[in-house]
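Please read the structure below before turning to the comments.
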């Protein structure tokens with residue numbers, strides 16, 4: 001009888017575990033960076049110059065009828081110091097712990113959600129990437145918005161609290177198909193009465209995207225808006241496209257515009273491409289950005305030139321080098337290389353590193 005009960009218990013446990021799974025995953029990226037500009041030279045160890053260093057947990061449970069319960073917890077790592085990366089609790093400046101500023105332990109600032117997936121698509125509750133970033137600015141950047149030549153060097157110059165991620169979010173994503181879309185709504189959760197410094201709806205906003213992908217062609221469009229009383233609502237519009245010339249070569253284009261009444265507007269146009277030969281992948285991009293500020297001192301242009309190459313030692317490990325140069329004019333203040341920003345100054349950055357995923 002005892003053996004029978006043990007066997008039944010083992011069988012039941014096996015059946016339970018077969019219906020659910022939890023995965024541990026991540027990546028570690030370390031590099032040496034040399035930056036120069038504005039009369040400065042900076043040599044430093046850095047991270048995430050090819051792909052984001054991160055640690056994550058994700059899981060699913062089969063609920064039957066085509067439904068699954070899902071969760072995802074993912075935090076960024078500054079592996080050159082062992083620190084986590086800072087998050088934000090309310091999509092506002094006072095939502096980030098200034099005393100910690102990223103020097104805390106692991107913080108799931110990239111993803112932290114639970115939800116339901118099914119034939120209807122996906123419904124998630126928590127913190128995620130904003131669609132205007134994920135399906136707009138970051139969709140076709142050959143440098144994956146990381147490192148010296150990332151597209152974000154020339155973008156996200158205004159309110160940064162909802163530039164890439166937002167907290168307190170309800171997110172819907174339609175099923176994977178040639179035409180796919182999604183919408184998000186996030187809450188600032190500012191319970192204070194409206195004052196000259198803080199609006200009651202500050203940090204509250206939405207984002208949406210629409211994507212078409214068929215054969216060698218990918219086209220995406222995305223928008224977002226976040227409420228801010230004093231600086232003005234922060235708005236992003238982005239359009240990206242990619243065409244695969246062959247299985248080894250791709251051309252890319254991105255248009256993006258950010259607007260906020262306290263600062264003006266910033267527009268970015270990127271032309272880029274990738275070419276793969278065996279284990280080696282070459283990447284190149286050119287970005288022109290134009291700032292139309294509310295004052296002449298905040299109006300100008302910048303051009304970024306980026307070139308990179310990575311070599312796959314295995315499916316999980318790569319060696320890489322990336323170089324970028326930014327040239328400004330007309331009071332432009334764009335920069336790469338961890339040097340200070342100054343009008344009309346030029347800057348450059350070189351990164352050499354190793355990337356490993358698990």
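When the residues of the stretch 202-221 are filtered to those that are more than 21 Å from residue 172 (Cβ to Cβ) and in a loop (DSSP other than H, G, I, E, B), the one that is modelled with the lowest pLDDT is 202. Do the conditions hold for residue 242, that is, is it assigned to a strand (DSSP E or B), out of contact with any helix residue (DSSP H, G or I) (no Cβ under 7 Å at 6 or more places or on another chain) and touching a residue at least 24 places away in the same chain (Cβ under 8 Å)? It is true that residue 242 is assigned to a strand (DSSP E or B), out of contact with any helix residue (DSSP H, G or I) (no Cβ under 7 Å at 6 or more places or on another chain) and touching a residue at least 24 places away in the same chain (Cβ under 8 Å). If only residues of the stretch 260-277 that are within 19 Å of the chain's Cα centre (by Cα) and in contact (Cβ under 8 Å) with a residue 60 or more places away in the chain are counted, the one that is surrounded by the fewest Cβ atoms within 10 Å (Cβ to Cβ) is 272. Please specify each residue of the stretch 303-358 satisfying the condition of being outside any strand (DSSP E or B), surrounded by fewer than 19 Cβ atoms within 10 Å (Cβ to Cβ) and under 21 Å from the mean Cα position of the chain (by Cα). Selection gives 316, 338, 358. Against the definition (within 14 Å of residue 260 (Cβ to Cβ), buried (at least 19 other Cβ atoms within 10 Å of the Cβ), in contact with a helix residue (DSSP H, G or I) (Cβ under 6 Å, 6 or more places away or on another chain) and modelled with pLDDT of 95 or more), how does residue 224 come out, yes or no? In short, yes.
Would you confirm whether any residue within the stretch 183-201 is under 20 Å from the mean Cα position of the chain (by Cα), assigned to a loop (DSSP other than H, G, I, E, B), more than 19 Å from residue 270 (Cα to Cα) and modelled with pLDDT of 95 or more? Yes - at least one qualifying residue is present in the stretch 183-201.
Restricted to strands (runs of 3 or more DSSP E) entirely inside the stretch 57-148, those with at least 1 residues that are more than 28 Å from residue 310 (Cα to Cα) and under 12 Å from the mean Cα position of the chain (by Cα) are 121-129. In the stretch 161-181, the qualifying residues are those that are touching a residue at least 60 places away in the same chain (Cβ under 8 Å) and not in a loop (DSSP other than H, G, I, E, B), and the one that is surrounded by the fewest Cβ atoms within 10 Å (Cβ to Cβ) is 168. If a residue must be within 22 Å of residue 323 (Cα to Cα) and surrounded by 21 or more Cβ atoms within 10 Å (Cβ to Cβ), how many such residues does the stretch 278-302 contain? Residues flagged as within 22 Å of residue 323 (Cα to Cα) and surrounded by 21 or more Cβ atoms within 10 Å (Cβ to Cβ) within the stretch 278-302 amount to 5.
The values are calculated or read from the model by the stated rules, or taken from the named source; none is laboratory data. Because the structure is predicted, anything quoted here is derived from the model rather than measured. Cβ atoms come from the backbone with ideal geometry, glycine included; neighbour counts cover every protein chain shown.
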